[in-house]
Structures are given as C-alpha cells and as structure tokens.
C-alpha cells in the first residue's frame, strides 16, 4: 500500500490562491499537534 504523508503546517509558507496570495499562510497547524491528533486517532507506521 502507498500513501501520501503530505501535511501542511505553519512551515508550509504563504497562501498561493490569487486573492489571498501573500496575505495568509497555507496552514496554521503546528506539526507536533497534527502528529498528536493522528496518533490519538490510531494512525501509525509499520514496515513489513
């Protein structure tokens, strides 16, 4: 199985939508909080 582990966070940069470009960020999520929420919901990673 393949999956995309792409998550936007406070480090993602500025919004690229034409009317909002340079006005707001792509995301305001702290990556540590995203990780904590996903772990609480049962997400994990296992090889093999």
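The values are calculated or read from the model by the stated rules, or taken from the named source; none is laboratory data. As the structure is a computational prediction, the values presented were derived from the model and not from experiment. Don't worry about glycine lacking a Cβ; one is built from the backbone with ideal geometry, like all the others, and counts go over all protein chains shown.
A compact table of results
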{"quantity": "In the range 22-37, the residues that are within 12 Å of residue 7 (Cα to Cα) and either in contact (Cβ under 8 Å) with a residue 60 or more places away in the chain or assigned to a loop (DSSP other than H, G, I, E, B) (or both)", "calculated": "26, 27, 28, 29, 30"}
{"quantity": "Hits in the range 22-37 (condition: surrounded by fewer than 10 Cβ atoms within 10 Å (Cβ to Cβ) and over 14 Å from the mean Cα position of the chain (by Cα))", "calculated": "22, 23"}
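Here is a yes/no grid of residues against (1) surrounded by 12 or more Cβ atoms within 10 Å (Cβ to Cβ); (2) part of a loop (DSSP other than H, G, I, E, B); (3) out of contact with any helix residue (DSSP H, G or I) (no Cβ under 7 Å at 6 or more places or on another chain); (4) modelled with pLDDT of 90 or more:
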{"residue": "3", "(1), (2), (3), (4)": "no, yes, yes, no"}
{"residue": "20", "(1), (2), (3), (4)": "yes, yes, yes, no"}
{"residue": "39", "(1), (2), (3), (4)": "no, no, yes, no"}
{"residue": "43", "(1), (2), (3), (4)": "no, yes, yes, no"}
